[in-house]
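For reference, the structure discussed in these notes is given below.
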Amino acid sequence: MTKLIALFPGDGIGPEVIAQARRVLDVVCGDRLSYEEGYVGYVAYEAAGHPLPEETLAIARKADAVLFGAIGDPRGDSLSRDLRPEQAILGLRKGLTLFANLRPAKLFPELADASALRPEVASAIDLVIVRETNGDVYFGEKGMRTTANGRREGYDIMSYNEDEVARIARVGFETARARRGKLCSVDKANVLETSQLWRDVVIEVSAEYPDVELSHMYVDNAAMQLVRNPGQFDVIVTGNLFGDILSDQASMCAGSIGMLPSATLDANGKGLYEPIHGSAPDIAGQGKANPLATILSSAMMLRYSLGMAAEADRIEAAVAAALAGGARSPDLGGTHTTVQMGDAVLAAL
Ligand code: NAD
Ligand code: IPM
Ligand code: MN
């Protein structure tokens with residue numbers, strides 16, 4: 001049966017990296033996949049007056065999975081917040097209840113010299129960040145106001161309820177159970193009430209998973225430990241904001257932000273797949289973007305939402321072979337263009 005993919009290239013380097021993922025999927029899956037494209041981000045605002053038009057949301061709802069490039073454009077920064085390109089990804093996560101964002105960070109051995117860390121430290125990195133994406137300070141009440149003495153004040157309310165925490169905690173425990181059995185919950189419970197509830201609920205849920213070894217870490221320490229000794233982590237479960245920051249950091253430990261894929265899942269296995277990076281306006285249109293994070297995201301899509309694990313393995317092996325053969329975009333210290341990186345993966349296939 002043909003599976004329908006909602007294909008949302010978006011802004012900046014989004015279309016460039018999606019084009020390479022599409023070439024790979026065409027070779028590996030052929031006409032077992034069909035595609036419906038939609039506008040997201042600033043291009044959607046320009047075309048339809050909104051970063052996440054109703055038609056786009058409708059395509060996402062009916063599709064078996066969503067493959068997303070990136071959104072964001074400097075011209076969007078002056079728009080009212082509800083019209084900014086970023087609302088496209090936030091609206092898709094919220095609108096489709098995609099609450100569990102899995103961001104695996106693993107160093108391909110060939111890239112040991114590309115990591116910002118010493119090779120012996122970097123080579124140990126093999127972790128998954130399980131980031132909650134439906135709550136936290138991202139979706140709380142926010143605004144600008146004027147204080148009594150006439151000064152401007154901005155505010156964003158951080159909150160999690162216990163059901164939201166329990167739901168993502170279970171994804172964290174299940175993910176750890178399928179790996180090395182270690183879950184580290186990252187919070188800021190020494191200061192934040194939101195985090196105290198987070199920690200209490202994670203401990204309650206842990207009773208269902210006696211086989212998983214649970215630890216807790218404050219987010220500032222976690223940021224430090226990720227650089228000091230990333231090999232100590234198996235699965236990290238954390239909130240929306242902390243997970244956003246820690247996953248960019250983890251990407252650099254694993255070589256480059258252009259290497260890290262992600263899956264954002266609902267409770268039924270439906271998912272949105274995207275690189276963790278953004279639209280990279282500084283290199284857009286120059287052929288410098290590394291498409292491997294997006295190609296690896298398409299492999300995650302085949303594995304998690306489409307039941308095509310063998311095809312996912314094939315893509316991941318081809319990426320490893322392309323790297324072993326010397327394919328290096330500028331972020332990895334080389335001169336391969338975006339298309340040449342795609343060529344190298346296709347050649348390996
Ligand atoms: P960014 O991830 O777009 O870029 C950060 C740096 O990494 C830049 O120097 C960029 O050139 C580099 N980079 C990113 N992806 C790369 C790739 N595939 N290959 C090589 N180099 C790469 O983050 P930013 O500059 O802070 O944000 C730019 C825009 O993207 C903003 O509008 C932001 O809101 C948006 N953004 C969107 C997403 C998303 O679509 N999910 C994620 C992050 C940021
Ligand atoms: C990400 C991005 C988004 C986030 C932005 C673009 C809203 O940084 O997917 O990591 O903060 O979640
Ligand atoms: Mn981010």
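Quick notes on this one:
- Inverse mean reciprocal Cα-Cα distance (Kirkwood Rh) of the chain, Å: 20.6
- In the chain, a dipole from Cβ-located charges (positive for Lys and Arg, negative for Asp and Glu) runs towards its positive end, and of PRO85, ALA100, ALA317 it is ALA317 whose Cα lies farthest in that direction.
- Entries in LYS94/LYS182; LYS94/LYS142; LYS62/LYS94; LYS188/LYS270 that, when Cα-Cα distance is taken, lie over 25 Å: LYS94/LYS182; LYS188/LYS270
- Protection proxy ranking of 210-219, 324-333 - average other beta-carbon atoms within 10 Å, highest first: 324-333, 210-219
- Its Cα gyration tensor gives the stretch 57-165 an equivalent ellipsoid, and the semi-axes of that ellipsoid, as √(5λ) in whole Å with the largest first, are 33, 22, 17.
- Over the chain, DSSP H runs of length four or greater, each weighted -39,500 (n - 2.57), average out per residue to a 222 nm ellipticity of -12500 deg cm²/dmol.
- Built amide H within the under 5 Å cut-off of ALA105, gap 5+: LEU127, VAL128, ILE129
- Total charge dipole magnitude, the chain, about the Cα centre, Cβ charges on Lys, Arg, Asp, Glu only, Debye to nearest 20: 200
- Taking all pairs of distinct alpha-carbon atoms in the stretch 116-253, Kirkwood radius in angstrom: 15.9
- GNM top mover of ALA222, ALA254, ALA284 - the chain, alpha-carbon springs below 10 Å: ALA284
Laboratory data are not the source of any read-out in this text; all were calculated from the coordinates shown. For clarity, every value in this text was computed on a predicted model and none was experimentally measured. Neighbour counts run over all protein chains shown; Cβ positions are idealised from the backbone, glycine included.
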